[in-house]
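I have placed the structure first, in the form of structure tokens, so that the comments after it can refer back to it.
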Amino acid sequence: MVDAAKIANLVFGVSIQNLDGLAVIKSDTRGLGFNYSLKTPIEVDLERLSKFTFKLGKDTYTGKLFIPLGPPPLLGDEIIVTIQRTGFALTELQIYNWLKLYGSVVGEIRFKYHSELPSVKEDYMEVLMKLSKHIPSTLPAFGKKVFIKYRGQPIQCSKCFALGHTRRLCSSETLNWLGYVKSLLDANYIPPSFFGVWLEYLRSHEAVVSSEF
């Protein structure tokens, strides 16, 4: 706790006298974190503290500031949607055609650029949308397995591919990837041409759509 108070002073300039309370937060994915309650609010340079380094004794530590984002957006609200792992194999029009199945695209599809190589695109795009229905986190788009993410997105089960529950809580039968492709095709809201070569795989493996693939 004493070290946590020292970090508040070193990183944020918070005096010990201004600390009202602090909590240590342990996470398997984010390491060690601290929540501070202050007696008097202070101004924080969010850009400078997006990533920071400090010394405590003989050791040097790095960290970053997490800002509470508030409640997730609702369907119909504007939301940034990310598209990942296309392998640069899809055109922007192909991505746009898939996304518009789930709402209206109100912004331009933009690539993110590498932080250390600013002229090099990452396999990561963002676009502003107004969703009319939720997008699954994996899509069989034009022969690629594309990953979609946004705030408020329901979790997709890795066992049955349905939205809204995890594998641990799933009571449905196991569905493999081709079975998932077939379920989307049978839903009749996606043009068959949008699947690309996944349809060829599906037709040539019809006997194994319910087994691992």
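The values are calculated or read from the model by the stated rules, or taken from the named source; none is laboratory data. Values in this document were obtained by computation on a predicted structure and should not be read as measured data. Positions of Cβ are backbone-derived with ideal geometry, glycine not excepted, and every protein chain shown enters the neighbour counts.
Summary of computed values
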item: Flag if LEU56 is out of contact with any strand residue (DSSP E or B) (no Cβ under 8 Å at 6 or more places or on another chain) and surrounded by 11 or more Cβ atoms within 10 Å (Cβ to Cβ); result: yes
item: Residue in region 14-23 that is acidic (Asp, Glu), free of Cβ contacts under 8 Å to residues at least 24 places away in the same chain and assigned to a strand (DSSP E or B) present; result: yes
item: Residue among ASP45, ASP77 that is among the charged types (D, E, K, R) and in the same structural domain as LEU139 (by TED's automatic domain parsing); result: ASP77
item: Number of positions in region 116-139 that are more than 24 Å from ALA162 (Cα to Cα), assigned to a loop (DSSP other than H, G, I, E, B) and not charged (D, E, K, R); result: 4
item: Near pairs, Cβ below 7 angstrom, 6+ apart or cross-chain, from region 86-110 (closer than 14 Å to HIS134 by Cα and not assigned by TED's automatic domain parsing to the domain that holds PHE194) to any residue that is of a type in the set (Ser, Thr, Tyr) and assigned to a helix (DSSP H, G or I); result: VAL105/TYR96
item: Residues (surrounded by 18 or more Cβ atoms within 10 Å (Cβ to Cβ), among the aliphatic types (A, V, I, L, M) and assigned to a helix (DSSP H, G or I)) located in region 88-103; result: ILE95, LEU99
item: Condition broken by LEU49, with the remaining ones in (1) at pLDDT 80 or above; (2) assigned to a helix (DSSP H, G or I) satisfied; result: (1)
item: Unmet requirement for LEU202, which otherwise passes all of (1) in a loop (DSSP other than H, G, I, E, B); (2) more than 26 Å from LYS130 (Cβ to Cβ); result: (1)
item: Top-ranked residue of region 59-87 - restricted to ones that are assigned to a strand (DSSP E or B) and loosely packed, with under 10 Cβ neighbours inside 10 Å, ranked as farthest from the chain's Cα centre (by Cα); result: ASP59
item: Which listed residue is out of contact with any Cys (no Cβ under 7 Å at 6 or more places or on another chain), small (Gly, Ala, Ser) and either modelled with pLDDT of 95 or more or farther than 21 Å from LEU90 by Cα (or both), from SER119, SER104; result: SER104
item: Evaluation of SER210 against (1) modelled with pLDDT of 95 or more; (2) touching an Asp or Glu at 6+ places or on another chain (Cβ under 9 Å); (3) over 16 Å from LEU99 (Cβ atoms) (one fails), failing number; result: (1)
item: Pairs, first farther than 20 Å from TYR96 by Cβ in region 183-202, second assigned to a helix (DSSP H, G or I), C-beta under 7 Å, six or more apart; result: LEU185/PRO192; LEU185/PHE195; LEU199/PRO192; TYR201/LEU178; LEU202/LEU178; LEU202/VAL181; LEU202/LYS182
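Per-residue answers, yes or no, for (1) over 21 Å from ILE95 (Cβ atoms); (2) surrounded by fewer than 14 Cβ atoms within 10 Å (Cβ to Cβ); (3) among the hydroxyl-bearing types (Ser, Thr, Tyr):
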position: LYS130; (1), (2), (3): no, no, no
position: LYS133; (1), (2), (3): no, yes, no
position: CYS157; (1), (2), (3): yes, no, no
position: GLU173; (1), (2), (3): yes, yes, no
position: ASP186; (1), (2), (3): yes, yes, no
position: SER193; (1), (2), (3): no, yes, yes
position: TRP198; (1), (2), (3): no, no, no
